[in-house]
Every structure is written in C-alpha cells, then in structure tokens.
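Notes to accompany the following structure.
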Amino acid sequence: MSGADERFLTRNGMAARQLAALLLNHEADTRLPRLRDFAGELKVGNGTVQAGLQLLEEAGAVETRARGHLGTFLVHADRAILWRLAGLGTLLAAMPLPYSHRYEGLATGLRAAFEQAGAPFAITFMRGASTRLGALLEGKADLVVLSRFAADRIAEDHPVELVADLGPGTYVGSHGLLLRRGTALGTKGLRVAVDSSSEDLRMLAARAFARREDIEWVESSYMQLRELFAQGRVDATVWNLDEVRDHLGPDVEVLPLDEEITSELASRNSSAALIGRTGESSALDAVRASLDFGMVTDVQGEVLRGERVPLY
C-alpha cells in the first residue's frame, strides 16, 4: 500500500472518504458548504474537515479555490477518483430481459448516463418485477427498472422510492391481445397464458378477460410464448407488442385491447420507472443529483431509430 493510500486510513483520511461521497453531488464552479456545515454533517471537527479536503486535493480528486467573502468553490472534480476513495463500489441495476430494441435502448441509455455521472455501473437482467423487487429489497441491486404502474403498486407495500419516471413509451410501446391464428376469441375454455411474475401483464390479462368465467389460465414464462403458441398449448394472452412478429412468428394474430382497459393504465404501463430502497443506498445518493435522465431517453430513441448500436 502506498503512503498516499495509508493516509486515507487515518482519522483525517476517513473524513476525506466521507467528503468524497458528499462531493460527488457538487458540480464544478459551485460554492461548497462551509467547513462547519461539513463538520456538522460528518460529526467531526472543522480541522478534520480541512485536513480531509487537503488530502482529496493532494490525491487529485478535487481542486478548490477560496473567493473571499463568497466562500470556497469547487473548481474541478475527478468523479472517478472521488468514487474510488468513497468506497462506493459498482451500482447495479436490475431490469427486464432485453428481448426488444426498446429495452436494449433503455439499457444503453442507463449505462451512458451513469458513465457520464462518473459512477461504475452494471446491469443484471431478471424476468418479472417481483423478482427484481426481491433483489432490491435483499440488497443485491441498487436500482430496479419496471413500469410506473408496477412501481406505484410496489411502493404502497414496500420501503422503496421513485428515483425517476422516464415518461410514456420508454418501457413499452403498447400492449395487445394475442390470439392463436385460427382460434375464435369466444371459444369456450380459451387457454390464456399468464406470467404472474409480471404485475403489468397479469393485471391487463385479468381486465381483458374479466367477464369470462370459462377461461383456463396457463401459468407460463413469456419467453416461452412462441413455443406455446406454435405447439397449440395456449390460445391467447396479453403482451407487450414490441417486436411481436420477430418473437412470435406467423402463428399469432394481434387484436387491439378495449380502450376502456388501456385508457387508465396506458401511460403508467408504458413509462419506465426506476426505484431504489428508501434511504439505504449511499452509492445512489452520491450520484443521483448528477444523473441526466434526459440522456437515457435520448439514447434510447437513437437505438430505436437505428442510429446507435446498443451497448450495455
């Protein structure tokens, strides 16, 4: 271990590490809090804060400048060094399997935004909002991507908070009713595929067939739909229409959902939301103010238009 690293194990060094996390939320050419404000937040003395800032400057993490009565300003910050010294590790986001260009674009946009914010970032792909929620609550993920509709329902019962709503069309384009070709919608005992791990699709399917008591519900993974329809094992389902033809082939025809079903849920179902654990992610708190969620949607749009190669 080098001498510089060893200094970050001292009392002043530990304060420097805490300051590094706080400074991640400050932009260049902005005024820093007063020493006593930092000291109060970190519960240390003013001298310890001053020594910690000096260590950060010597490490090349920050450059500050005193401007008289205006206070001390942050001239420059190397976010990669600050992040390393703060010991925050890699932020992990859990999102749906990237089976569509829309999800590929979303993953690419998230990676670009976190990289711009200087935060080490990785994505894990998990099928089902309930599975992703479990990873978040168990501390295995820092962020979860799901629909705004599912996020609102989850927030009612779990200690999570909304980090961002990316707006309509960022999660899915639209939903439709899929019917096995040659099968009449009114067929008695219609076998309807449902994946209970997807809160959105389970609710939409329940509403689409709410007046049917003869339905046979077939629990299945939506990744198996092509095979299930081709083998005649299911007759219908409600699904995200992004790239349906590419994934399900000619054995399926698409019918529109009733407007009364989609009108209430359309915008919340199509909007991508990011949620995190309430007050428990120091890494997320350290980078949140620097995240440009507009970049996420811009990059996603470029991927959808074929102007950018997905990279995540």
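Some notes on this structure:
- Taking the criterion of being among the charged types (D, E, K, R) and on the phi < 0 side of the Ramachandran plot, the residues of the range 38-94 that qualify are Glu41, Glu57, Glu58, Glu63, Arg65, Arg67, Asp78, Arg79, Arg84.
- The set of residues in the range 280-312 that are in a helix (DSSP H, G or I), of a type outside the set (Ser, Thr, Tyr) and open to solvent by less than 50 Å² (accessible area, probe 1.4 Å) comprises Ala283, Leu284, Ala286, Val287, Phe293, Gly294, Met295, Val296, Val299, Gln300, Gly301, Val303.
- Any hit, the range 124-134, residues being crowded, with 24+ Cβ neighbours inside 10 Å and within 11 Å of the chain's Cα centre (by Cα): yes
- Annotation: Pro98 fulfils all but one of (1) part of a helix (DSSP H, G or I); (2) buried (at least 17 other Cβ atoms within 10 Å of the Cβ); (3) of a type outside the set (A, V, I, L, M, F, W, C); the unmet one is (1).
- Where strands (runs of 3 or more DSSP E) fall entirely within the range 171-220, those with at least 2 residues that are open to solvent by less than 40 Å² (accessible area, probe 1.4 Å) are at 175-180, 191-194.
- Candidate set from the range 167-208 (those that are in contact (Cβ under 8 Å) with a residue 60 or more places away in the chain and among the aliphatic types (A, V, I, L, M)); member that is nearest to Met295 (Cα to Cα): Val172
- Residue match in the range 105-120 (condition: within 12 Å of the chain's Cα centre (by Cα) and not in a helix (DSSP H, G or I)): no
- Among the residues of the range 60-81, those that are modelled with pLDDT of 90 or more and crowded, with 20+ Cβ neighbours inside 10 Å comprise Ala61, Val62.
- Cβ separations smaller than 8 Å between residues 6+ apart or across chains give the following pairs from the range 1-14 residues that are closer than 12 Å to Ala51 by Cβ and hydrophobic (A, V, I, L, M, F, W, C) to residues that are assigned to a loop (DSSP other than H, G, I, E, B) and at pLDDT below 85: Met14/Phe8.
The values are calculated or read from the model by the stated rules, or taken from the named source; none is laboratory data. Everything quoted here is computed from the prediction, not taken from an experiment. In this analysis, Cβ positions are derived from the backbone assuming ideal geometry, glycine residues included, and neighbour counts consider all displayed protein chains. Accessible surface is based on the protein model in full, side chains and every heavy atom, while ligands, DNA and RNA are left aside. Shrake-Rupley method; radii C 1.70, N 1.55, O 1.52, S 1.80 Å.
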